[in-house]
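What follows is one structure encoded as structure tokens, with my remarks underneath.
Just so it is clear, none of the values below were taken in a lab; they were calculated from the coordinates. Quick caveat: nothing in here was measured; it's all calculated off a predicted structure. Ideal geometry is used to build each Cβ from the backbone, glycine not excepted, and the neighbour counts take in all protein chains shown.
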Amino acid sequence: MARWLAKSEPDVYGIDDLERDNSTTWEGVRNFTARNFLRAMQVGDLVLFYHSNAVPSGVAGVGRVVSTASPDPTQFDQASDYYDETAPPDGSRWSWVTVGFVERFSRVVALAEIKADPQLEGIEVARKGSRLSVCGVSDAHFDHIVALGRQS
DNA sequence: GCCAACGTTGGC
DNA sequence: GCCAACGTTGGC
């Protein structure tokens, strides 16, 4: 079973929203590398829920893949911020998955803390200039971040 | 709001 | 298929 990290701006949709809703569709990924990661997700895979453009930015909790990739309908919705006029009608361009709530950390594991932690060396989200909104995480990095997030 | 990083597009 | 221009992400 794989481990992932996915970014969302908490002003738009944060871990509190996921806790309230219990599950959500992860729409709006418009980057091919990130899309390919979405398509590789399997039911039951765990996902670090990362708050971007936040104070502080960092990992706020954990979600779980509850349904695998299918065409993201927002690519066809002209009223959506994610509308893509170049998307072919077969839906092959952009995908979404459904993510369920697992846990909200007792504290956000801030990006600065991730970058400073030698046990998290090499993690994609700490790479300089990393803009991937969905990426893989090693089991060891995943477990370490969860342990940090559960600290009070 | 600035700006670095970098993915994507399109001209050639 | 190279590469410059452009747009976007996202930390700070």
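Summary of the geometry: segment A:115-138 and segment A:88-111, compared by the centres of their Cα atoms, lie 17 Å apart. So what is the relative contact order of chain A, in percent, for Cα pairs below 8 Å that sit 6 or more residues apart? Answer for chain A is 31 percent. What the phi angles of segment A:115-121 give under the Karplus curve with 6.51, -1.76 and 1.60, with θ = phi - 60°, is a coupling list of 5, 8, 8, x, 6, 10, 4 Hz, glycine and proline written as x. Dipole size of segment A:1-145 about its Cα centre, with +1 on Lys/Arg Cβ and -1 on Asp/Glu Cβ: approximately 380 debye, rounded to the nearest 20. Remark on A:Trp96: its backbone amide H falls under 5 Å from those of A:Ser70, A:Asp72, a criterion applied only to residues 5 or more positions apart or on other chains, H modelled at 1.01 Å from N.
The residue among A:Leu120, A:Leu132, A:Val146 whose Cα reaches farthest toward the positive pole of the charge dipole of segment A:113-152, with charges on the beta-carbon of Lys, Arg, Asp and Glu, is A:Leu132. Result for chain A in a Gaussian network model with C-alpha springs under 10 Å: among A:Pro71, A:Pro56, A:Pro88, the largest mean-square fluctuation is at A:Pro88.
Across chain A, Cα-Cα distances exceeding 19 Å account for 51% of all pairs. Highest GNM mean-square fluctuation among A:Ser80, A:Ser52, A:Ser67, for chain A modelled with Cα contacts below 10 Å: A:Ser80.
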